[in-house]
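Reviewing the structure listed below.
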Amino acid sequence: MKFCSACGHAVDHLVPPGDHLPRAVCPACETIHYQNPKVIAGCVPVWEGKVLMCRRNIEPRLGLWTFPAGFLEMSETSGQGAARETLEESQAEVDIGGLLAVINVPYVSQIYMIYRGTMRSPHHAITPESSETRLMSEDEIPWDDIAFPTIWHSLKFFFEDRAKGVEDIHTLDLMTRYGRRPEVTTTTPT
Ligand SMILES: [Zn+2]
């Protein structure tokens with residue numbers, strides 16, 4: 001940030017009294033502009049055992065596959081955000097179920113909150129954000145063409161749980177930036 005969003009004056013970057021990190025501080029109106037991580041809410045929508053996947057029609061990772069997820073809006077819950085994103089990206093209406101995964105991605109200051117979702121009907125369709133939407137069984141998931149490692153891990157959690165007949169809440173810290181297809185096998189902390 002270079003300019004104060006409250007008054008337009010150029011900001012200084014300094015550690016405010018009593019704080020421990022540099023902040024953008026406006027010398028004119030004294031506003032301190034805090035920056036904090038962003039929450040991405042999403043869900044794994046299920047219809048008759050298949051998972052609804054979307055091919056991204058927007059950058060980044062144009063053309064790669066994901067389930068619906070996006071930045072939480074102000075004044076909505078993470079579950080509401082997950083349902084809204086599902087509707088926006090795939091036209092599918094879902095009932096949000098239990099939490100599947102919380103994934104920290106500190107190198108981009110993001111926190112993913114991924115829910116289980118049940119589609120209210122088999123309806124889904126392309127949108128400005130998705131060039132293709134498709135219900136997939138586990139063996140149809142394009143593991144090599146998943147848009148983000150957070151999505152890849154969440155899908156692994158989902159199918160591992162289903163194979164075991166459980167619905168656990170998984171947590172994962174992705175500390176290293178790597179390609180969209182992780183080469184490492186991760187375990188879920190218990
Ligand atoms: Zn100001």
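Things to note:
- Number of residues in the stretch 28-40 that are within 16 Å of the ligand (Cβ to nearest atom) and among the aliphatic types (A, V, I, L, M): the value is 2.
- Whichever residue in the stretch 67-78 is of a type outside the set (A, V, I, L, M, F, W, C) and over 12 Å from the mean Cα position of the chain (by Cα) and, among such residues, is farthest from V51 (Cα to Cα): S75
- The strands (runs of 3 or more DSSP E) falling completely within the stretch 1-55 that include 1 or more residues that are touching a Ser or Thr at 6+ places or on another chain (Cβ under 8 Å) and among the small types (G, A, S) map to 38-47.
- Complete set of residues in the stretch 28-53 that are within 15 Å of the chain's Cα centre (by Cα), closer than 18 Å to M113 by Cβ and open to solvent by less than 40 Å² (accessible area, probe 1.4 Å): I40, A41, G42, C43, V44, P45
Yes or no, residue by residue, for (1) touching a Lys or Arg at 6+ places or on another chain (Cβ under 7 Å); (2) part of a loop (DSSP other than H, G, I, E, B); (3) over 26 Å from D168 (Cβ atoms):
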{"site": "I103", "(1), (2), (3)": "no, no, no"}
{"site": "M113", "(1), (2), (3)": "no, no, no"}
{"site": "S121", "(1), (2), (3)": "no, yes, yes"}
{"site": "T133", "(1), (2), (3)": "no, no, yes"}
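- Residues in the stretch 8-27 that are within 16 Å of the ligand (Cβ to nearest atom) and open to solvent by less than 60 Å² (accessible area, probe 1.4 Å): G8, A10, V11, P16, R23, A24, V25, C26.
- In the stretch 61-89, the residues that are within 14 Å of G117 (Cβ to Cβ) and of a type in the set (K, R) reach residues that are loosely packed, with under 13 Cβ neighbours inside 10 Å and modelled with pLDDT of 95 or more with C-beta atoms within less than 8 angstrom, at least six apart or across chains, in these pairs: R84/E73.
The values are calculated or read from the model by the stated rules, or taken from the named source; none is laboratory data. Predicted model only: the values in this text are computed from it and were never measured. No Cβ is skipped: glycine too gets one built from the backbone with ideal geometry, and neighbour counts run over all protein chains shown. Surface areas here come from the heavy atoms of the whole protein model, side chains and all, with no ligands, DNA or RNA. Shrake-Rupley method; radii C 1.70, N 1.55, O 1.52, S 1.80 Å.
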